[in-house]
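Trainee: The structure is given below, and queries will be raised subsequently.
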Amino acid sequence: MTTTLEVLFAPAEFTLLSQRDLRQTVCVVFDVLRATSTMVTALGNGATAIAPAAEIAEALAIRQRQPEILLAGERDGIRIEGRLTGGLGFDLGNSPREFTAAKVGGKTVAMTTTNGTRALRACAPAAAVLLGSFLNLRATAEFIERQHPPHLLMVCSGTLDQAAYEDVLGAGALCDMVWPQYAAGTVADSAHMARRLFRIEQDDLLGAVAQSRNGRRLMANPDLRDDVAFCVQRDLVGFAAEMGKDGLVRLRALEAEPQKKTRT
Ligand code: MLT
């Protein structure tokens with residue numbers, strides 16, 4: 001079977017995923033600033049699972065069913081406050097630095113963000129959905145190498161309705177790592193573009209990400225500016241993160257994965 005490697009840049013593209021047959025496709029969703037980086041951090045600090053909710057009302061409904069879960073998320077980059085929910089302020093925002101072991105250890109977190117959680121949900125019909133971030137890039141590449149899915153689709157969450165520079169860089173970095181596995185198959189121009197962009201920017205990722213639209217917004221907020229440097233750290237953790245068919249994001253330890261294919 002011919003393999004395919006493709007990147008979706010903008011939210012308008014992931015909203016059309018319901019029209020595609022994703023049954024043999026593994027999606028990797030990038031929201032470098034900050035949703036997927038934050039979820040990976042939460043799992044690394046002992047959160048049991050994350051429930052990505054597309055809307056605030058959905059997160060609130062999860063909390064009503066499971067009062068013990070934590071509510072997390074942002075609108076306009078800021079933790080969701082009571083005025084957006086009819087009273088209940090969220091426990092956490094979307095800053096990875098908030099998701100410490102003391103706060104999230106042993107807890108399930110229902111989370112809704114402007115783009116990242118919507119992108120994850122749009123990929124739900126795929127054979128598997130992984131969370132991409134610089135924080136677990138190598139582990140994600142290794143996971144893909146072991147599974148070797150025939151179709152690999154990187155989905156950039158974007159910022160509002162636009163493509164986001166930092167997500168394309170993340171997707172490009174992963175394209176670069178899995179290139180030996182997919183270069184002989186059908187490689188979309190979008191994958192070439194993302195990889196090329198990453199190669200141009202790789203020596204100063206922080207500089208590149210800080211000048212992005214969302215990077216500039218975060219840098220302008222004294223409470224959130226350190227999130228930008230946090231999210232461009234490479235391989236802080238050694239696990240992949242996967243959204244299962246039950247809709248929950250969990251840690252996938254590499255050791256637990258059997259070697260599926262021996263590459264020659
Ligand atoms: C999103 O999901 O749109 C982002 O994670 C926004 C943010 O930086 O909080």
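The values are calculated or read from the model by the stated rules, or taken from the named source; none is laboratory data. Being a predicted model, the structure only gives us computed values, none of them experimental. No Cβ is skipped: glycine too gets one built from the backbone with ideal geometry, and neighbour counts run over all protein chains shown. Protein only, heavy atoms only, side chains kept; ligands, DNA and RNA dropped before computing areas. Shrake-Rupley method; radii C 1.70, N 1.55, O 1.52, S 1.80 Å.
Trainee: Which residue pairs have Cβ atoms under 7 Å apart, sit 6 or more places apart or on different chains, and have a first residue in the stretch 36-47 that is away from the ligand (no atom under 12 Å from the Cβ) and a second that is open to solvent by 10 Å² or more (accessible area, probe 1.4 Å) and in a helix (DSSP H, G or I)?
Mentor: Going by the 7 Å Cβ cut-off, the qualifying pairs are 45/101; 46/101.
Trainee: Moving to a separate point now. Could you grab me the full set of residues in the stretch 145-172 that are at negative phi, open to solvent by less than 10 Å² (accessible area, probe 1.4 Å), within 12 Å of the ligand (Cβ to nearest atom) and not polar (S, T, N, Q)?
Mentor: Within the stretch 145-172, 156, 164, 166, 167 meet the criteria.
Trainee: Go through the stretch 99-203 and tell me which helices (runs of 4 or more DSSP H), entirely inside it, have 1 or more residues that are modelled with pLDDT of 95 or more and more than 26 Å from residue 54 (Cβ to Cβ).
Mentor: Working: elements: 101-104, 116-122, 137-147, 165-182, 189-201.
In the stretch 99-203, the matching helices (runs of 4 or more DSSP H) lie at 101-104, 137-147, 165-182, 189-201.
Trainee: I'd like the full set of residues that are at negative phi and in a loop (DSSP other than H, G, I, E, B), limited to the stretch 51-81. Please lay out each step first, then the result.
Mentor: If we filter the stretch 51-81 for residues that are at negative phi, which is where we start, we get 51-72, 74-75, 78-81.
53, 54, 55, 66, 67, 68, 69, 80, 81, listed by residue number.
Trainee: Does residue 227 satisfy being among the acidic types (Asp, Glu) and part of a helix (DSSP H, G or I)? Break it down into steps so the answer makes sense when it comes.
Mentor: Numbers: among the acidic types (Asp, Glu): yes; part of a helix (DSSP H, G or I): yes.
When the stated conditions are applied, residue 227 passes them.
Trainee: Do the conditions hold for residue 183, that is, is it surrounded by fewer than 21 Cβ atoms within 10 Å (Cβ to Cβ) and on the phi < 0 side of the Ramachandran plot?
Mentor: yes
Trainee: Between residues in the stretch 213-225 that are open to solvent by 30 Å² or more (accessible area, probe 1.4 Å) and residues that are near the ligand (Cβ under 8 Å from one of its atoms) and polar (S, T, N, Q), which pairs lie under 6 Å by C-beta distance while being six or more apart or on different chains?
Mentor: 213/159
Trainee: Moving to a separate point now. Can you pull out the residues in the stretch 229-241 that are within 16 Å of the ligand (Cβ to nearest atom) and more than 15 Å from the chain's Cα centre (by Cα)?
Mentor: Hit for the stretch 229-241 is 229, nothing else.
Trainee: Which of the residues spanning the stretch 127-136 are over 15 Å from residue 253 (Cβ atoms) and surrounded by 24 or more Cβ atoms within 10 Å (Cβ to Cβ)?
Mentor: Correct list: 129, 132, 133, 134, 135.
Trainee: Go through the stretch 64-115 and give me each residue that's open to solvent by 50 Å² or more (accessible area, probe 1.4 Å) and near the ligand (Cβ under 9 Å from one of its atoms).
Mentor: Result: 75, 76, 78.
Trainee: Being under 24 Å from residue 8 (Cα atoms) and touching a Lys or Arg at 6+ places or on another chain (Cβ under 9 Å) is the filter here; which residues of the stretch 81-127 pass it?
Mentor: Filtering the stretch 81-127 down to residues under 24 Å from residue 8 (Cα atoms) leaves 94, 111-127.
Residues satisfying the conditions are 94, 112, 113, 114, 116, 124, 125, 126, 127.
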